[in-house]
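One structure is given here, and the rest of the page talks about it.
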Amino acid sequence: MSDIVRSGLWLAFFGVILLSWWWMYAMSTGMGLDLLGRPNEMAQRMAAMDPRMDMYMPMAEFWPLLMMWAGMMAAMMLPTMVPTLQAYDDLIRSANGSRAGWLGVLLGYFIVWVLFAAAITGAQLALLFGGVIDMLGIFKSPWLSGALLIAVGAFQFTRAKEVCHGVCHSPMGYFLGHWRTGFAGGLRMGLGLGAFCVGCCWGFMVLGFVGGVMNLAWMGLATLFMVLEKLPQIGHRITKPLGVALIIFGLGVLAWPLAT
């Protein structure tokens, strides 16, 4: 029976990931956006026919925007949690863990990311009404886009990134040092792991303001980067190269207006 429960929980977990990606795709197409988060042909034609119509205008109210960001967190961050849940799974027999604790870890992790979603929702609305970003969530100034890329790239070399990434990259060590049993114990550990994960990956999230917060291609690429960073075999080897790539990209964005 325990193997059946285990398989069912993992299947449900991956089902939530697939559902989250489908939801983001449905939201994007429903707003008349393509996979790059830009107005598609039909939306452009309809807007040209009646300029007063905002056919592809993303949400500009807190609660709808929060739902979008929460869905985005589920789609992007749950795949990165596989090594963490697998590590807890390995400890169920040897350290008196439980399936309830496994669910607690998952819930605590997601709670932290939803809180981060609320914070970035507020930031997006402030930037929008301050005229810094457009309705697609993209910086209006290439200087800001380039500066953000460089800042996120530079963060890859900081001690804070190293510490947070160390916990995300090796969750077994965190579990052994903070082990608590039962659902409440799992929830507590999940909150802690989620906090370290936000500290590790926040930069990839805010880069949505460079490419568009509903850019599904960016979401997929950022998810790939974060998954690779957490793989035990190669995660510690790619953090700084990713930082170099982001800095070079940012410098290119800054140089582009000067070259044109």
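Near the amide H of Leu33, within less than 5 Å, lie the amide hydrogens of Asn40, all on another chain or at least 5 residues away, with H placed in the peptide plane.
Across the chain, the convex hull enclosing all Cα atoms gives 132 Å³ per residue.
With contributions of -39500 (n - 2.57) from each DSSP H run of at least four residues, the per-residue ellipticity at 222 nm computed over the chain stands at -25500 deg cm²/dmol. Ordering Ile92, Ile4 from the fewest to the most neighbouring beta carbons within 10 Å gives Ile4, Ile92. Have a look at Val227, Leu246, Gln86 and report the one farthest towards the positive end of the charge dipole of the chain, computed about the Cα centre with Cβ charges (Lys/Arg +1, Asp/Glu -1). Farthest towards the positive pole: Gln86.
Between 0 and 90 degrees, the angle of helix 99-129 with respect to the longest Cα principal axis of the chain falls at about 20 degrees.
Rounded to the nearest 20 Debye, what is the dipole magnitude of segment 2-259 about its Cα centre when Lys and Arg each give +1 and Asp and Glu each give -1 at the C-beta?
Numbers: 14 positive and 11 negative charges, 118 e Å.
Taking the Cα centre of segment 2-259 as origin, the dipole is about 560 debye.
Across every direction, the projection of the convex hull enclosing the Cα atoms of segment 46-186 has a mean area of 11.2 nm². Its relative contact order, with pairs defined as Cα atoms under 8 Å and 6+ residues apart, puts the chain at 27 percent.
Panel order for Glu61, Glu229, Glu162, by other beta carbons found within 10 Å of each beta carbon, from fewest to most: Glu61, Glu162, Glu229.
Laboratory data are not the source of any read-out in this text; all were calculated from the coordinates shown. Worth saying up front: this structure is predicted, and the values here are computed from it rather than measured. With ideal geometry, Cβ positions are generated from the backbone for all residues, glycine too; neighbour counts draw on all protein chains shown.
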